[in-house]
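> Right, I'll just put the structure down here and ask away after.
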Amino acid sequence: MSEHIEEYSEIEELAQQKQLACELIGDAWSEGLSEGIEFDVLCQASLFLALARLINVYGEEAVAKMTQSLPEKIRNGEYTVDRTLQ
């Protein structure tokens, strides 16, 4: 039972870190927009930086494999924040 509690704690901690990261990145986006950076420029720069940093850590092939399922996930709404579930 202790093992399950530990695993849950790790999952919860990771979820909290992801939430904080999203908030910090959202704040940076808001600052960029208020500085006059266009929305599309922020989007492209964010994607570029995220991919570049992943490649730096994991390598090109690993990131290529990691991102090959993105089109399907996008089409399935996994990245749609404001959607209605039926």
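Laboratory data are not the source of any read-out in this text; all were calculated from the coordinates shown. Since we're looking at a predicted model, the values are computed, not measured. Here the Cβ positions follow ideal geometry from the backbone for every residue, glycine too, while neighbour counts run over all protein chains shown.
> Could you identify the single residue in Ala21, Ala28 that is within 21 Å of Val81 (Cα to Cα) and surrounded by 11 or more Cβ atoms within 10 Å (Cβ to Cβ)?
Exactly one residue qualifies, and that residue is Ala28.
> Would you point out the residue of the range 33-56, among those that are under 20 Å from Tyr79 (Cβ atoms) and small (Gly, Ala, Ser), that is surrounded by the most Cβ atoms within 10 Å (Cβ to Cβ)?
By that ranking, first place goes to Ser46.
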